[in-house]
């Protein structure tokens, strides 16, 4: 009996998820603090980290210097007179981050060491330490927390004054993030500087090339987006999507991938990031209806007029090394409810399927309507396929189109707008 294929496409219902409470995150903060303590970055708490106490700007300066592996250097540098009124235990750190240009203050009064550190203030310090510059337009200091989540530096949303536990979580996330323009991560630089050992970092899972589902979600959700699709001008005017699908970035300047059937017949589409920011799809750079693949150019200006200096992006990989039984993770927008992760195994690396020009990757990582265009990752965090469909009468028989053809494709062209593509489709039919 011929197998019928269900295309995973769109859902018209969007449900709002509730934000986790502080109490729910306390265990997460403690685990982050334990990780940092094992690396020697959090000290002197005797097992109680005062996670729910407000974090001060003085504490932020000390933790930032430790994260940069510069504590000894800061101690050797005589504190300038402008910071003599800062707490003695934080004086050298505040002086150091000021001299490095990570903090713009020149006196203790200007830095306000006893004041609460805000999410934007802390993320501004982190981003500057990593080589990002608000002066050069990489980000805006007043929106630093959103940008940090936008590029995958932090794995959750932060706003307002932070607790100590928040600082610890953001520091833990930053350990596996790379310095701007470098493949070197924060923890790798700490090892290189002798601040912590490779053995301790490895034991904490910070150096393992193979990722758990949690690690994959934390590090790569920022590169995946919900795709709101509008079929007609009326839908655009009413801001009611005709369909919801998924997509993911493959370059930091806005190249993204989805399924062709996700955008077929669309007049307009917008990528909704994990931060809630909306960026219009400017053009379809290339597409292959038979392979169900499309490469999009996403605008770098959001719906509210903010310019993105960069997007978080996924690395593509071929299927040559895949084997049945290998673990995979699916990231997408099931049922239009927002980004979600699922895990499974490869069932078959190359499964011939009716309606697809290329053999598909069959796997057991759950997807649903709305997941079309999402990313199927291997355990190394590389995208190997675009989640596309499932067998209607099968159990855990999900399909992904391999991204390997896109690795060889010319993606330098301007492409067509969605309206132009739709018109071309109609004239060809």
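The values are calculated or read from the model by the stated rules, or taken from the named source; none is laboratory data. This structure is a prediction, so every number in the text was calculated from the model and none was measured. Please note: Cβ atoms are built from the backbone with ideal geometry, for glycine as well, and neighbour counts cover all protein chains shown.
Listing for the model above:
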read-out: Of all residues in region 106-140 being surrounded by fewer than 17 Cβ atoms within 10 Å (Cβ to Cβ), without any contact (Cβ under 8 Å) to a residue 60 or more places away in the chain and under 29 Å from residue 52 (Cβ atoms), the one that is nearest to the chain's Cα centre (by Cα); value: 115
read-out: Some residue of region 239-261 being part of a helix (DSSP H, G or I) and farther than 25 Å from residue 315 by Cβ; value: no
read-out: Selected residue (only one of 357, 330, 324 is surrounded by fewer than 17 Cβ atoms within 10 Å (Cβ to Cβ) and modelled with pLDDT of 95 or more); value: 324
read-out: Test: residue in region 89-100 that is part of a loop (DSSP other than H, G, I, E, B) and crowded, with 21+ Cβ neighbours inside 10 Å; value: no
read-out: Odd one out for residue 126, checked against (1) assigned to a helix (DSSP H, G or I); (2) farther than 18 Å from residue 195 by Cβ; (3) modelled with pLDDT of 95 or more; value: (2)
read-out: Qualifying positions in region 330-341 - touching a residue at least 60 places away in the same chain (Cβ under 8 Å) and under 16 Å from residue 381 (Cα atoms); value: 330, 331, 332, 341
read-out: Residues of region 398-417 satisfying the condition of being closer than 21 Å to residue 336 by Cα and at pLDDT below 95; value: 398
read-out: Pairs with Cβ under 6 Å, 6+ apart, first in region 33-44 and crowded, with 16+ Cβ neighbours inside 10 Å, second assigned to a loop (DSSP other than H, G, I, E, B); value: 33/42; 33/49; 35/204; 36/42; 39/196
read-out: Sole exception among (1) touching a residue at least 60 places away in the same chain (Cβ under 8 Å); (2) within 22 Å of residue 314 (Cα to Cα); (3) over 23 Å from the mean Cα position of the chain (by Cα) for residue 394, by number; value: (2)
